[in-house]
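In what follows, a structure is listed as C-alpha cells, so that the remarks can point back to it.
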Amino acid sequence: MSLRWSSSSLIGGYRLSARKLTKKSCQLVQTDLSFRLQEVKERGTYRSLRHGRGPVDFCSNDYLGYTQNRALQHYAKSLMVSHPHYFMGSTGSRLISGNHPITEEVEACIADHHEVESAMLFPTGYMANLTLFSTLPQRGDTVILDEYVHRSVLDGCRMGSATRWKFRHNDLNHLEDLLVRAKGRIWIGIESLYSMDGDLAPLVKMTALAQRYGACLLVDEAHALGVFGLGLVKELGLSDQIFASVVTYGKAFGQHGAALLGSQLLKDYLVNFGSPFIYSTAVPIASGLLIQEAYATFQSDYTAQEALADSVRYFEQHALGKSGLGSPIKPIYLSKDACTAAVLNELEDQGISCSYIKSPTVPKGKERIRICLHAFNTHAEIDNLVGILKKYQ
C-alpha cells in the first residue's frame, strides 16, 4: 500500500488520508510486535533488562577487576581534572573532526604491544567485527565461520555478499572439508576464547590449515585479552600469521572500546571502504588514554593476573562445569529435572550474580548458567557458589 503523505488510498471502499493510513499501519505493526513478544514469552526465552548485579559477582566480564583498580581510577580522576574536555564527545567521525594526534599515538602504542604494524580503535568490539567482516569478503569469496562465533561476526557477513558457511565448533576436519570446496578468496572467522563455552580454539593447527589452503584467518580475541596474556595470538607467536584480530577493552581491561590489529595496508583499506568505521562517531580522547594506561598497568603489575589464575584453579578443583583449562568462563548445564528458576532464586538470595544464557544466544537445548571467575572472587565465595550448583546437578 502507498504511504505517501501527498496522496490518499482506498481501503475497504473508504478513502483514507495518508495520515490516517500511516496511523493504522503503525497500529498493525504494534500488534505484530506484541504478538511476536508473546511467542517469545511462551517459549521461555523472553529477555528483559536488569538493574546492576549482586554483591558477589560471577556474572561480569571484569576478569581482572580493573574497574575496581585504584591506580586506574586515580589516573582517570587526574585526567578529568587536568583535561576534562578529553571526556566529552569527539564531535564527529575520524574522517571529519573526530581524529586526534593522541588517538593515533594510542593506536601506535597498542600496535607495539601486540607486535603488529597497526591498530585501529573502535567504539566497541561489535563495531570492529562489523567493519572487518562486512568490508573484506567480496562477492565470489567464501567466509567459513565457527558455528559458535560471536553474533557481531555473523551480522558483519550479512552486510556483505560473500558466500557464508559454518563449520562444527573447533572441528578441524569439517573445516578442511569446507576449505576444499570453497571458491574465491577464503576467510575463516573464529574466536580464540569462546565467550559462552569458555573453550579455546586450536589456533596453532587452525593457522597451519588456513595457510595450507591460502585462507585468511580472522580472530576475535575479545575474551582472551588480559586472561591469556595480551591474547592467544601473541602468546602463541602467531601475530605475523594471522590476517587480522580484534581485541576489546570492556572486559579484562575494564575500559571501553576495541582495537582491530593487522597491517597498515588493512587499516588504510578500512579507512576508505569500511562503512561502519567511516560513518561512526570516533571514541573520546579519554577512552584511548585510559586504554593505554590499562596496558601499562597490565605490563607492570601482575597481581590481578595471578589472582585470576588462582580463582580459576580453585574452581576447577571442584570438577564442576566444562570449558578450556585455565578459562575463567565456566558453563554449567543443569539436569533436565532441575528447576532453573529455583537455582537462580537461591543464588540471588545469597547475593550471587550469574548469567542464565538462553536460546537464541546459545543453541536450543544448550541453555546454561554462565559462570565468570574474577581476580577478586574469594575461595569462600567460590565454595558457596559451587555448593548451591552441585545441589541441582
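The values are calculated or read from the model by the stated rules, or taken from the named source; none is laboratory data. The model shown is predicted, which means the values in this text are computed figures rather than measured ones. Please note: Cβ atoms are built from the backbone with ideal geometry, for glycine as well, and neighbour counts cover all protein chains shown. Heavy atoms of the whole protein, side chains included, go into the accessibility calculation; ligands, DNA and RNA do not. Shrake-Rupley method; radii C 1.70, N 1.55, O 1.52, S 1.80 Å.
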- Tell me, yes or no, whether the range 245-262 has at least one residue that is crowded, with 24+ Cβ neighbours inside 10 Å, in a helix (DSSP H, G or I) and in contact with an Asp or Glu (Cβ under 9 Å, 6 or more places away or on another chain). no
- Message: Looking for something touching a residue at least 12 places away in the same chain (Cβ under 8 Å), open to solvent by 40 Å² or more (accessible area, probe 1.4 Å) and of a type in the set (Phe, Trp, Tyr) - is there at least one such residue anywhere in the range 124-145?
- Response: yes
- Are any residues in the range 305-316 open to solvent by 20 Å² or more (accessible area, probe 1.4 Å) and within 23 Å of the chain's Cα centre (by Cα), and if so, which ones? Gln305, Ala309
- Query: Taking the condition in contact with a Lys or Arg (Cβ under 8 Å, 6 or more places away or on another chain), open to solvent by less than 90 Å² (accessible area, probe 1.4 Å) and at pLDDT below 90, does Gly44 pass?
  - Reply: yes
- the range 205-217, residues that are within 17 Å of Asp171 (Cα to Cα), surrounded by fewer than 20 Cβ atoms within 10 Å (Cβ to Cβ) and not hydroxyl-bearing (Ser, Thr, Tyr): Lys205, Ala208, Leu209, Gln211, Arg212
- Item | Whichever residue in the range 89-111 is aliphatic (A, V, I, L, M) and more than 16 Å from Ile291 (Cα to Cα) and, among such residues, is least open to solvent (accessible area, probe 1.4 Å) | Leu95
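Residue by residue through the range 218-243, note down the ones that are assigned to a strand (DSSP E or B) and surrounded by fewer than 24 Cβ atoms within 10 Å (Cβ to Cβ). Spell out how you get there, then give the answer.
Going through the range 218-243, the residues assigned to a strand (DSSP E or B) turn out to be 218-220, 225, 230.
If the condition is that a residue be assigned to a strand (DSSP E or B) and surrounded by fewer than 24 Cβ atoms within 10 Å (Cβ to Cβ), then Leu230 is the only one that fits.
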- Message: So if I check each of Val343, Val362, Val386, which one is open to solvent by less than 40 Å² (accessible area, probe 1.4 Å) and within 26 Å of the chain's Cα centre (by Cα)?
- Response: Val362
- Residues satisfying the stated conditions in the range 44-79, i.e. in a helix (DSSP H, G or I) and in contact (Cβ under 8 Å) with a residue 60 or more places away in the chain: Tyr66, Thr67, Gln68, Ala71, Leu72, Tyr75, Ala76, Leu79
- Task: Kindly check whether there is at least one residue in the range 182-191 that is open to solvent by 10 Å² or more (accessible area, probe 1.4 Å), acidic (Asp, Glu) and at pLDDT 95 or above.
- Result: no
- Message: If Ser82 satisfies all but one of (1) closer than 21 Å to Leu265 by Cβ; (2) open to solvent by 60 Å² or more (accessible area, probe 1.4 Å), what's the number of the condition it fails?
- Response: (1)
